[in-house]
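To start, the structure under review is shown below, and the notes come after it.
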Amino acid sequence: MLDLFTIFSKGGIVLWCFQTTADMLAPSVNALIRTVILQERTGNNSYDHNSLTLQYKLDNEFELIFVVAYQKILQLSYVDKFLNDVHLEFRDKYKNTLQNKWQFQDIDFMSSFNKILAASEKWGKTQAKLPKQMRTFEDSVKSKKTVASMIERKGEEKAIKKSVKIVEAKPKIEEIEIPVDDGIEEDVIAANRAKMAQKLSKKKTEKPVTKSPKSPNVDKAGKKPRVWDLGGGSRDLPDLDRSKDKPEDAKSEYSPQTDMVGRMQGSIRDLEVESSDEEYSSDDDDNVEPQKNETSKQKSSGMLNMFKGLVGSKNLTHETMKPALEKLQDHLINKNVAIDIAKKLCDSVEAKLAGKVLGTFDRIATTVKTTLTESLVQILSPKRRVDILRDCLETKKLGRPYVMAFCGVNGVGKSTNLAKICFWLIENEYSVMIAACDTFRAGAVEQLRTHTRHLNALHPKSKHGGREMVQLYEKGYGKDAAGIAMEAIRYANDSRIDVVLVDTAGRMQDNEPLMRALSKLIKVNEPDLVLFVGEALVGNEAVDQLVKFNQALADHSSSENPHIIDGIVLTKFDTIDDKVGAAISMTYITGQPIVFVGTGQTYTDLKALNAKAVVHALMK
């Protein structure tokens with residue numbers, strides 16, 4: 001029934017392996033490691049590859065991975081129990097060996113494996129014979145929720161916190177029980193206890209503070225204007241007038257377009273996400289900030305903070321991580337991450353940390369947040385090289401144009417961002433052909449015609465040796481888009497044009513005829529890069545769009561290896577402030593990188609995604 005069971009470390013050392021067939025199953029295990037484990041997608045405990053289903057379990061204490069593989073058509077209900085039993089048996093049997101830095105000799109685990117497998121199969125047969133009982137309403141979580149419990153009243157949370165502090169401050173020293181772990185040293189516990197006792201004794205000896213009589217009103221000095229260093233006065237105003245440095249000819253020729261071209265210089269800057277919190281850096285505030293922090297820390301410190309330092313090293317479990325994971329999941333959803341993706345991310349963090357041993361002074365919430373932050377950076381980081389300029393150069397050496405196709409739903413900005421990418425290519429000395437394959441929307445061809453005229457005005461023939469940098473290939477409306485794209489590519493090949501940008505019509509992901517037409521266009525013309533243009537405003541809709549676009553391109557293609565989405569263009573990124581969750585949702589679903597980010601209305605408003613900056617804004 002089982003094709004493969006293997007136990008290996010996270011460093012790649014295979015400790016034990018069992019295989020029933022002679023087929024090569026190493027590619028499936030390598031795909032699991034490459035696609036799931038290395039990309040922080042361990043929320044689900046199963047992974048499908050070709051005709052196999054692979055279920056896995058992580059042991060974070062000893063950094064082990066247990067993997068079982070079987071045919072996808074089989075429905076084996078005992079695999080989860082079997083995997084857990086093997087995990088526990090292997091840990092108990094070779095615990096001393098695992099602690100000795102991998103000093104393995106010969107592992108004889110076959111007899112234990114067969115016993116556990118026979119017991120699990122027997123258990124599965126007995127469970128299949130039992131009738132399934134429906135859960136009553138009283139056993140469900142919904143029955144425990146009442147209308148009163150879901151109503152949030154103003155000031156109720158503060159009152160609860162205040163009452164908790166009063167109750168926790170009353171017990172005497174003799175009544176306090178301090179949890180002691182075997183792994184912590186005796187002297188550390190004794191020192192912490194002495195500190196706590198000393199603090200409690202000080203609180204008892206303190207006398208009640210009497211309010212002092214109100215002091216008479218003292219005339220406060222009026223607010224004086226701040227004098228900035230090197231600020232000067234009105235005498236420095238002529239020095240600030242920079243218009244005198246410019247000649248008269250430069251003033252008349254200055255325009256926003258020329259300034260925009262000069263600032264671009266053929267490169268795309270990284271996208272930096274600014275935080276909404278204000279930062280103060282003046283000298284006057286530097287002395288005030290530490291005092292405010294110290295007073296706030298003294299107010300927040302209490303009995304609960306004393307106990308945090310007394311807790312020894314312990315293993316992380318589902319119960320201990322649940323409060324922190326629930327808060328982080330709600331935080332991700334508020335930042336526009338899709339609900340399913342937020343849950344999978346938290347499940348992945350839980351699977352990665354389950355069984356891990358924390359140090360004496362490590363906090364669970366901090367550890368969980370740090371792990372989630374690292375996972376998000378890993379997800380947003382490109383898994384493969386995305387260098388369009390280099391690819392354009394390689395295809396140019398082969399004597400053919402580099403073809404890029406743009407697809408997406410209605411109104412996301414495909415034509416506008418196509419023009420921005422076209423301007424970027426022209427800045428890097430590549431000639432471009434725009435194929436107007438949106439033959440459905442009224443005004444689509446006229447929009448591309450306007451962009452072409454503006455781009456040629458910014459880069460006239462005189463600057464490029466008499467060569468026209470942008471050309472538009474159009475055939476009007478109501479024509480076959482796949483045929484227009486084929487003719488445009490053939491014309492670009494004959495005219496020695498470097499790049500072809502194919503603009504397609506916007507279509508909803510549920511429209512089967514239009515999705516079939518898009519699949520035909522990609523199948524017939526075989527573009528080098530298929531970019532999905534999506535909005536940064538969407539949340540759960542981003543998941544549905546990407547999944548159905550990829551599924552439609554795969555289903556409606558007749559080839560064995562259908563060409564699906566290769567990258568993402570994220571538009572309207574300047575309208576969302578710090579709610580950047582759509583970037584996480586789109587990248588998590590496809591596993592493809594975000595190639596470009598659109599942030600404005602001008603041609604230079606095109607940037608590359610900075611993964612760390614986006615995650616920093618997301619976790620604030």
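Among residues of the range 73-98 that are more than 15 Å from residue 117 (Cβ to Cβ) and assigned to a helix (DSSP H, G or I), those with a beta-carbon under 8 Å from a residue that is open to solvent by less than 40 Å² (accessible area, probe 1.4 Å) and not small (Gly, Ala, Ser) at least six positions away or on a different chain give the pairs 91/59; 91/62; 91/98; 93/109; 98/62; 98/64. Within the range 392-401, identify whether any single residue is part of a loop (DSSP other than H, G, I, E, B), buried (at least 17 other Cβ atoms within 10 Å of the Cβ) and modelled with pLDDT under 90, and answer yes or no. Checked against the condition, which is being part of a loop (DSSP other than H, G, I, E, B), buried (at least 17 other Cβ atoms within 10 Å of the Cβ) and modelled with pLDDT under 90, the range 392-401 yields no hits at all.
For the range 49-58, does any single residue satisfy the condition of being at pLDDT 85 or above, hydrophobic (A, V, I, L, M, F, W, C) and within 24 Å of the chain's Cα centre (by Cα)? Checked the range 49-58: at least one residue is at pLDDT 85 or above, hydrophobic (A, V, I, L, M, F, W, C) and within 24 Å of the chain's Cα centre (by Cα). Going by what's in this entry, would residue 566 be described as modelled with pLDDT of 90 or more and not aliphatic (A, V, I, L, M)? For residue 566, the condition - modelled with pLDDT of 90 or more and not aliphatic (A, V, I, L, M) - is met. Return the total of residues in the range 21-44 being at pLDDT below 80 and either among the hydroxyl-bearing types (Ser, Thr, Tyr) or touching a strand residue (DSSP E or B) at 6+ places or on another chain (Cβ under 6 Å) (or both). Looking only at that region, the number is 2.
For the range 322-345, the tally of residues that are open to solvent by less than 70 Å² (accessible area, probe 1.4 Å), in a helix (DSSP H, G or I) and among the β-branched types (Val, Ile, Thr) stands at 2. The one condition from (1) over 30 Å from residue 346 (Cα atoms); (2) β-branched (Val, Ile, Thr); (3) surrounded by 16 or more Cβ atoms within 10 Å (Cβ to Cβ) that residue 53 does not meet is (1). Among the strands (runs of 3 or more DSSP E) confined to the range 564-620, the ones with at least 3 residues that are surrounded by 23 or more Cβ atoms within 10 Å (Cβ to Cβ) are located at 567-571, 594-598. Among the criteria (1) modelled with pLDDT of 75 or more; (2) open to solvent by 50 Å² or more (accessible area, probe 1.4 Å); (3) outside any helix (DSSP H, G or I); (4) touching a helix residue (DSSP H, G or I) at 6+ places or on another chain (Cβ under 7 Å), the one residue 104 does not fulfil is (1). Look at the range 514-546 and say how many of its residues are among the small types (Gly, Ala, Ser) and within 18 Å of the chain's Cα centre (by Cα). Here the count works out to 4. Please work out if residue 122 is more than 28 Å from residue 341 (Cα to Cα), assigned to a helix (DSSP H, G or I) and open to solvent by 60 Å² or more (accessible area, probe 1.4 Å). Yes: the conditions hold for residue 122. Looking across the range 574-602, the residues that are under 22 Å from residue 418 (Cβ atoms), among the aliphatic types (A, V, I, L, M) and out of contact with any Gly (no Cβ under 8 Å at 6 or more places or on another chain) come down to 576, 583, 597.
Contact map, the range 309-337: first residue at positive phi, second residue modelled with pLDDT of 85 or more and open to solvent by 40 Å² or more (accessible area, probe 1.4 Å), Cβ cut-off under 6 Å, separation 6 or more or different chains; pairs are 336/579.
On the given criteria, is residue 545 modelled with pLDDT under 90, out of contact with any strand residue (DSSP E or B) (no Cβ under 8 Å at 6 or more places or on another chain) and not aliphatic (A, V, I, L, M)?
Considered against the rule, which asks whether it is modelled with pLDDT under 90, out of contact with any strand residue (DSSP E or B) (no Cβ under 8 Å at 6 or more places or on another chain) and not aliphatic (A, V, I, L, M), residue 545 comes out as no.
The set of residues in the range 57-72 that are of a type in the set (A, V, I, L, M, F, W, C), touching a residue at least 60 places away in the same chain (Cβ under 8 Å) and out of contact with any helix residue (DSSP H, G or I) (no Cβ under 7 Å at 6 or more places or on another chain) is empty.
A count restricted to the range 523-542 and to residues that are open to solvent by less than 30 Å² (accessible area, probe 1.4 Å) and farther than 13 Å from residue 413 by Cβ stands at 6. Quick one: would you say residue 24 is of a type in the set (A, V, I, L, M), free of Cβ contacts under 8 Å to residues at least 24 places away in the same chain and not in a helix (DSSP H, G or I)? Here the answer is yes, as residue 24 does meet what is asked.
The values are calculated or read from the model by the stated rules, or taken from the named source; none is laboratory data. Since the model is a prediction, treat every value here as computed from it, not as a measurement. A quick note on method: Cβ atoms are made from the backbone with ideal geometry, for glycine too, and the neighbour counts reach across all protein chains shown. Heads up: the accessible areas ignore ligands, DNA and RNA and are worked out on the full protein's heavy atoms, side chains in. Shrake-Rupley method; radii C 1.70, N 1.55, O 1.52, S 1.80 Å.
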